[in-house]
1. Among the candidates Gly167, Gly121, Gly150, which residue alone is assigned by TED's automatic domain parsing to the domain that holds Pro53, more than 21 Å from the chain's Cα centre (by Cα) and modelled with pLDDT of 95 or more?
2. When you scan the range 98-107, do you find a residue that is of a type in the set (Gly, Ala, Ser), touching a residue at least 12 places away in the same chain (Cβ under 8 Å) and over 22 Å from Phe43 (Cα atoms), even just one?
Amino acid sequence: MGRVLLVVASACLITALGTGLAAGQVNLQSEAEASSTSSSDVFMFGTQTAVRPGSSTLTRSVGGISLTINTSRLTPNAAHTLWWVVFNQPHRCSTIPCSASDFPGNGGNPAINVSLFWATGNVADANGLATFAAHTAPGEIEGEVGFGAGLTNPLGAEVHVIIRDHGLVIDLLGQLLQLNACNPTCKNVQAVIHLQ
């Protein structure tokens, strides 16, 4: 009798563990399916000229988006910022990819739910090289906002990133955090686009 109970108990435990493992595998698969990674070239702003060397990787999940950019051809020893331009509903844009004509101030469809906001900043080295890393999540905006309410559709948004040159460093914190902290002028120099 004791041996039968032990066999039954063992069978139940194995079944329970098997079910738990299967459920865990399903959860891991669901999380993997709900995330994706894309790569893109870095371009000189307003052109189709790729920056070499230069690369960008964007990882998406339901929890947000994470970006890494390695680039060159920046002003040596100058402060640079990255700015998210997030088109949360890109299927409503007037062009593919979305563009500045879709901004609300330019008469764009408000249903696109586009936002422009600070991502991160860094100082280019003496050779004009820099690495940037940034993350944003739905409902989370850190730093200056140009317009919009931030990321609301991490898995489906079209994500553009602008690299802005703020000139040689005179006010490091200001130049790395503000859109118009410039020495003497600021200019958009590079861009990245990650389609949905």
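The values are calculated or read from the model by the stated rules, or taken from the named source; none is laboratory data. These figures come from a predicted structure and were not determined experimentally. Reconstructed Cβ throughout: ideal geometry from the backbone, glycine too, with neighbour counts over all protein chains shown.
1. The match here is Gly167.
2. For the range 98-107, residues of a type in the set (Gly, Ala, Ser), touching a residue at least 12 places away in the same chain (Cβ under 8 Å) and over 22 Å from Phe43 (Cα atoms): present.
The rows are residues; the columns are (1) of a type in the set (Asp, Glu); (2) in a loop (DSSP other than H, G, I, E, B); (3) in contact (Cβ under 8 Å) with a residue 12 or more places away in the chain; (4) surrounded by 14 or more Cβ atoms within 10 Å (Cβ to Cβ).
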| position | (1), (2), (3), (4) |
| --- | --- |
| Pro154 | no, yes, yes, yes |
| His160 | no, no, yes, yes |
| His166 | no, no, yes, yes |
| Ile170 | no, yes, yes, no |
| Gln175 | no, no, yes, yes |
| Ala181 | no, yes, yes, yes |
| Val189 | no, no, yes, yes |
| Val192 | no, no, yes, yes |
| Gln196 | no, yes, yes, yes |
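Residue-wise test of (1) modelled with pLDDT of 95 or more; (2) in the same structural domain as Val145 (by TED's automatic domain parsing); (3) touching a strand residue (DSSP E or B) at 6+ places or on another chain (Cβ under 6 Å); (4) of a type outside the set (Asp, Glu).
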position	(1), (2), (3), (4)
Gly20	no, no, no, yes
Val42	yes, yes, yes, yes
Ser66	yes, yes, yes, yes
Ser99	yes, yes, no, yes
